[in-house]
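Report on the following structure.
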């Protein structure tokens, strides 16, 4: 069964880095730089857009105005998921470089 977590609070603590608090009392410091590629997450490289992150009161996760968000369980277990997501982001980056304009 997939555990369900809720983000209760967050703070931007550095460029593209968040401190995220969860309803089970845990906290993750998450550097999102390795996953900022592709159509959805690539635009978050713009610091002005990245800093517009908010806590969605219904989904209990972090969301951005362009529709980007992360499952709270992924944020909760970031050290487990980050390598896979970073590898996926590298694939997205390669596709955008090799795609004709």
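Values in this text are rule-based calculations from the coordinates and carry no lab data. Source: prediction; values computed, not measured. Using ideal geometry, Cβ is built from the backbone for each residue, glycine included, and neighbour counts are taken over all protein chains shown.
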Per the rule of 0.36 nm per residue minus the C-alpha distance, extending residue 55 to residue 86 adds in nm 8.9 nm
Over the chain, the sum of -39500 (n - 2.57) across DSSP H runs of at least four, divided by residue number and rounded to 500 deg cm²/dmol, gives at 222 nm -9500 deg cm²/dmol
Of 54-63, 72-81, ordering from highest average Cβ density within 10 Å down gives 72-81, 54-63
If one compares the long axis through the Cα atoms of helix 78-98 with the longest principal axis of the Cα atoms of the chain, the angle in degrees, nearest 10, works out at 20 degrees
Each label sits 7 Å from Cα toward the beta-carbon; between residue 2 and residue 45 the label points are separated, in nm, by 2.9 nm
